[in-house]
1. I need every pair where a residue in the range 196-220 that is surrounded by fewer than 24 Cβ atoms within 10 Å (Cβ to Cβ) and at pLDDT 95 or above has its Cβ under 7 Å from the Cβ of a residue that is basic (Lys, Arg) and in a loop (DSSP other than H, G, I, E, B), sequence separation at least 6 or different chains.
2. Would the range 154-166 turn up any residue that is more than 17 Å from the chain's Cα centre (by Cα) and at pLDDT 95 or above?
3. Would you be able to tell me the number of residues in the range 221-250 that are under 15 Å from Val105 (Cα atoms) and modelled with pLDDT of 95 or more?
4. Tell me the residue from Arg62, Arg18, Arg80, Arg9 that is under 30 Å from His121 (Cβ atoms), open to solvent by 70 Å² or more (accessible area, probe 1.4 Å) and at pLDDT 80 or above, please.
5. Do any residues in the range 243-270 that are on the phi > 0 side of the Ramachandran plot have Cβ atoms under 8 Å from those of residues that are open to solvent by 60 Å² or more (accessible area, probe 1.4 Å), where the two are at least six apart or on different chains, and which pairs are they?
6. Going through the range 241-263 one residue at a time, which ones are in a loop (DSSP other than H, G, I, E, B) and more than 21 Å from Cys87 (Cα to Cα)?
7. Can you pull out every residue in the range 237-252 that is small (Gly, Ala, Ser) and open to solvent by less than 10 Å² (accessible area, probe 1.4 Å)?
8. Taking the range 180-195 only, how many residues are touching a Pro at 6+ places or on another chain (Cβ under 9 Å), open to solvent by 60 Å² or more (accessible area, probe 1.4 Å) and not in a loop (DSSP other than H, G, I, E, B)?
Amino acid sequence: MTVTDYDVRSLYLDLLRRNLTRYGMHERMPSRWPLQRRLLFKAVNIISPLRLGLSPFTENKRDLGLDWPAEAETMIGMQRLTSLQQCVETVLAEDIPGDLIECGVWRGGACILMRGVLAAHGDETRNVWLADSFQGVPRSDPENYKADKGIRADFAAGILGVSEAEVRANFERYGLLDDQVRFLPGWFKDTLRDAPIERISVLRLDGDLYESTIQALDALYPRLSPGGFCIVDDYRAVKACELAVTDYRTKHGISAEIVDIDGTGVFWRK
């Protein structure tokens, strides 16, 4: 049997997804994790108890991104990760111009996959941008963003706040940290509008709050190329996030079909 370049690429990316999610693998839970989960439970308005990891690990939950991995580099699950790969491969196949960016990267797993897809396809022209405070989600500002009232994701800083150094180390572990990986550290309100990105082909939003979501859309959606993908991780999990998307699409007359990925994340093409 002849092994083709396609076979090698497919096997590499499948293994990369499985390792980034630790799908089907045993994870050792750090001793500090139960306390952090209890703190995160205070933010129940932003996430469900299942995703908090308060129930035992199952492959189904890891497939759907419904738990919080102790060691994996991403919590978005296999289905959303596979969909992301397909989006990147589509813009490559159709030559949709622009870089790739994720707003809200946690441990960097989704961005590691995007860089891996570029490497597997031999693309040396696009950058993968990581926009994150590297301190967790900002404290809600209900005076300016009423939809975020009651959401206290800042309680989860010990879990959601992953340092830039740790994310860089995760890229290095996979041999994917190079000049095509670019970091935008800071709050979205301070970094995205003036980010040195001309065009975007894949825009992935994982900011949870109305505030974070609308700020990312306002700053970056105009740079998304026609045919590019806008992916919203928490659209069906966080009502404030869904409302931000609805408000933005209504304001700008966006009627592209919203496609469900796994009951939580969605995407549409510009």
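1. Short answer, once both residue conditions are applied: Ala219/Arg193.
2. yes
3. Final tally of qualifying residues: 3.
4. Matching residue, one of Arg62, Arg18, Arg80, Arg9: Arg18.
5. Matching pairs, first to second residue: Gly263/Arg236.
6. First pass over the range 241-263, keeping only residues in a loop (DSSP other than H, G, I, E, B): 252-258, 261-263.
His252, Gly253, listed by residue number.
7. Step one: filter the range 237-252 for residues small (Gly, Ala, Ser), giving 237, 240, 244.
Across the range 237-252, the qualifying residues are Ala240, Ala244.
8. Selection size over the range 180-195: 2.
The values are calculated or read from the model by the stated rules, or taken from the named source; none is laboratory data. Small disclaimer: the values here were computed from a predicted structure and weren't measured. For neighbour counting, all protein chains shown are included, and Cβ atoms are generated from backbone atoms with ideal geometry for every residue, glycine included. These accessible areas exclude ligands, DNA and RNA; they are computed on the full protein's heavy atoms, side chains included. Shrake-Rupley method; radii C 1.70, N 1.55, O 1.52, S 1.80 Å.
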